[in-house]
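Here the structure comes first, spelled out in structure tokens, and everything after it is commentary.
The values are calculated or read from the model by the stated rules, or taken from the named source; none is laboratory data. In this text, all values refer to a predicted model and were calculated from it rather than measured experimentally. Please note: Cβ atoms are built from the backbone with ideal geometry, for glycine as well, and neighbour counts cover all protein chains shown. To get the accessible areas, we keep the full protein, side chains included, count just its heavy atoms, and leave off ligands, DNA and RNA. Shrake-Rupley method; radii C 1.70, N 1.55, O 1.52, S 1.80 Å.
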Amino acid sequence: MDFISTENILQKDRNLIYEPDAVSISDSEDEDIKVYPEKNEEAILPNAYFFEPQRIRIKKDKSSALEIILALFAIIGFVCGTIFCGSFFSFLSEAYLSDFLKDKMQNGFFSNACISFFSMSAFVIISFSAGLSCVGQPIAFFIPLIKCVGGGIALASFVKCYGLLNGLLSFCAFVLPSFAMGTLITLYICRCAVKTSNRLFLYVSGKNTDARPGEFYGGYLTKGLIALAGCFIGGIIDAVITFICSNFFVI
């Protein structure tokens, strides 16, 4: 091994940090030592550092538009059921509402939870079935409308039978929790049903031959189970609210 003097080592380090007074080392002193010249300020960076501007294609998300349309259908149904109750729709009788409230307050926790679960899951199953067909999109759109028409009729009937204040309080305590949670879950599964039905339609019409029905049926089934789990949780929440409110209402 060739001996490298301390002076040469120091000179090499000075060349590495581009000191202006550094002196290059001749090849005769040590052939293995490379001399680094001063930093060239006019050096051009490699091409890797330069990027040409490219167009960024932004894919439009149609999910938000679909959610807005379904929500509008639900709102229109609730408003129509409330306003036109008595003209186009018949009011619920006072005897029916009285029996409904008595059953709500006298039933046990388990019974109320089961009733709420089955009432919410019925719309989930119908909406889920619409997504299994390539022409089920119109059905999935109108299910929130029909469900919310019933909610509007119930609100108008409570107000007519028990007055504005008592009717609103009774509706909010014994109907609104189950109705609100059921509507949200129905909107969720209807959104999934519309998208799945649309993918089926594209596949059947030959516009999308890459995908296979089995590829997205599995994900759709998972979403249906999630919706049913939401109904189960919603039934428990509704039973808890009913149990609490039963202590403050007398029929």
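The residues of the range 69-116 that are in a helix (DSSP H, G or I), out of contact with any Pro (no Cβ under 7 Å at 6 or more places or on another chain), of a type outside the set (S, T, N, Q) and open to solvent by less than 50 Å² (accessible area, probe 1.4 Å), listed by number, are Ala71, Cys80, Gly81, Leu97, Leu101, Lys104, Met105, Ala113, Cys114.
Quick test for you: out of Lys147, Lys195, Lys223, Lys160, pick the one residue that is of a type in the set (Lys, Arg), in contact (Cβ under 8 Å) with a residue 24 or more places away in the chain, farther than 20 Å from Phe128 by Cα and in a helix (DSSP H, G or I). Explain how you work it out, then say what you get.
Working: Lys147 fails: farther than 20 Å from Phe128 by Cα; Lys195 fails: farther than 20 Å from Phe128 by Cα; Lys223 fails: farther than 20 Å from Phe128 by Cα.
That would be Lys160, the only listed residue that is of a type in the set (Lys, Arg), in contact (Cβ under 8 Å) with a residue 24 or more places away in the chain, farther than 20 Å from Phe128 by Cα and in a helix (DSSP H, G or I).
Per the listing Val240, Val159, Val250, the residue uniquely open to solvent by 40 Å² or more (accessible area, probe 1.4 Å), more than 30 Å from Phe84 (Cβ to Cβ), modelled with pLDDT of 90 or more and over 21 Å from the mean Cα position of the chain (by Cα) is Val240.
Filter the range 121-145 for residues that are surrounded by fewer than 16 Cβ atoms within 10 Å (Cβ to Cβ), within 19 Å of Ile69 (Cβ to Cβ) and among the hydrophobic types (A, V, I, L, M, F, W, C) and give the result. Selection gives Val135, Phe142. Restrict the check to the range 204-222 and report whether at least one residue is open to solvent by 90 Å² or more (accessible area, probe 1.4 Å), closer than 17 Å to Asp103 by Cα, modelled with pLDDT under 95 and not small (Gly, Ala, Ser). No.
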